Amino acid sequence: MGYLEKEVNRLVGQAMHRYSLLEHGDRIMMAVSGGADSMLCLWFLRHWLRKAPIFYEIIPVHLDMGFGQRSWKRLGAYFSRLGHTFHIEETRYGLEAHGPENRGKSPCFVCSLKRRKRLFELADALGCNKIAMGHNADDLIETFFMNMCYVGEMSTMIPRQEMFQGAITIIRPMALVEKNKIKKMVHRLRLPIIENLCPSAHHSSRTFIRNMLEELYTSNSKIRGNLKRALGNIRRDYLL
């Protein structure tokens, strides 16, 4: 491994150990969108399986959002080469979220809700006790600002989140890794990436927050790291 790979592996390892993301006997559904984050998350789950002193199963699952890129063909071939049992499903969630029946609603919220509900159903059907998602450190920071600005609360996604009284646990192994490191490592590993054809991909509230944060990061190289640390450094005495 080069320096980048070792650094990303160290950050993934921190998340794994600090939040107890992997346990012996886990049956993990890896939610693969086809983007860089989820593809590298799948790579690391396989990498850690080879060296961890425990055994767990990985089942890649991909939901095609219906935008016509037929991503299931390319990903199906990739999963087959890896030797995994996998599940791929074509949906119209993305199209429906942008349809007239949802006019006035956030298409991102509608699509996310439909996708998340189906993932929970599939985890139950496949006998998986955990769902792995590829959210990264930048996603956590952006979500924190989105929840403050649009919801009025201080919260974000967390690396380990138990759902349905612990029946299913969401894990985010990439939670401490910055997006730019993920993109560079995916390029070096030549992992297959599926283009996101969603018409709202670059015109959403998250995009607005992301652009605002990028301006901050450009002004001071320490801000991204400080924001990441701040998510776990709460001074409750200085909040209302």
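Rule-based calculations on the coordinates, nothing more; no lab input. Everything numeric here is computed off the predicted structure, so don't read it as measured data. For neighbour counting, all protein chains shown are included, and Cβ atoms are generated from backbone atoms with ideal geometry for every residue, glycine included.
Going by what's in this entry, would Leu227 be described as touching a residue at least 60 places away in the same chain (Cβ under 8 Å), buried (at least 18 other Cβ atoms within 10 Å of the Cβ) and over 18 Å from the mean Cα position of the chain (by Cα)?
For Leu227, the condition - touching a residue at least 60 places away in the same chain (Cβ under 8 Å), buried (at least 18 other Cβ atoms within 10 Å of the Cβ) and over 18 Å from the mean Cα position of the chain (by Cα) - is met.
The set of residues in region 91-118 being closer than 22 Å to Val151 by Cβ and crowded, with 16+ Cβ neighbours inside 10 Å consists of Ala97, Pro107, Cys108, Val110, Cys111, Lys114, Arg115. For region 48-59, a tally of residues being surrounded by 15 or more Cβ atoms within 10 Å (Cβ to Cβ), of a type outside the set (Val, Ile, Thr) and in contact (Cβ under 8 Å) with a residue 24 or more places away in the chain returns 3. In region 139-164, the residues that are surrounded by 15 or more Cβ atoms within 10 Å (Cβ to Cβ) form Cβ pairs under 7 Å with partners that are of a type in the set (D, E, K, R) and in a loop (DSSP other than H, G, I, E, B), at six or more places apart or across chains, as follows: Asn147/Glu153; Met157/Arg172; Pro159/Arg172.
I need the full set of residues from region 174-200 which are surrounded by fewer than 17 Cβ atoms within 10 Å (Cβ to Cβ), under 25 Å from Leu231 (Cβ atoms) and either among the aliphatic types (A, V, I, L, M) or touching a residue at least 24 places away in the same chain (Cβ under 8 Å) (or both), in order please. If the condition is that a residue be surrounded by fewer than 17 Cβ atoms within 10 Å (Cβ to Cβ), under 25 Å from Leu231 (Cβ atoms) and either among the aliphatic types (A, V, I, L, M) or touching a residue at least 24 places away in the same chain (Cβ under 8 Å) (or both), then Lys183, Lys184 are the ones that fit.
Filter region 82-108 for residues that are in contact with a helix residue (DSSP H, G or I) (Cβ under 8 Å, 6 or more places away or on another chain), assigned to a helix (DSSP H, G or I) and not acidic (Asp, Glu); which is farthest from Met29 (Cα to Cα)? Among those residues, the one meeting the criterion is Asn102. Filter region 109-146 down to the residues that are more than 16 Å from the chain's Cα centre (by Cα) and among the polar types (S, T, N, Q) and list them by number. The one that is more than 16 Å from the chain's Cα centre (by Cα) and among the polar types (S, T, N, Q): Asn129.
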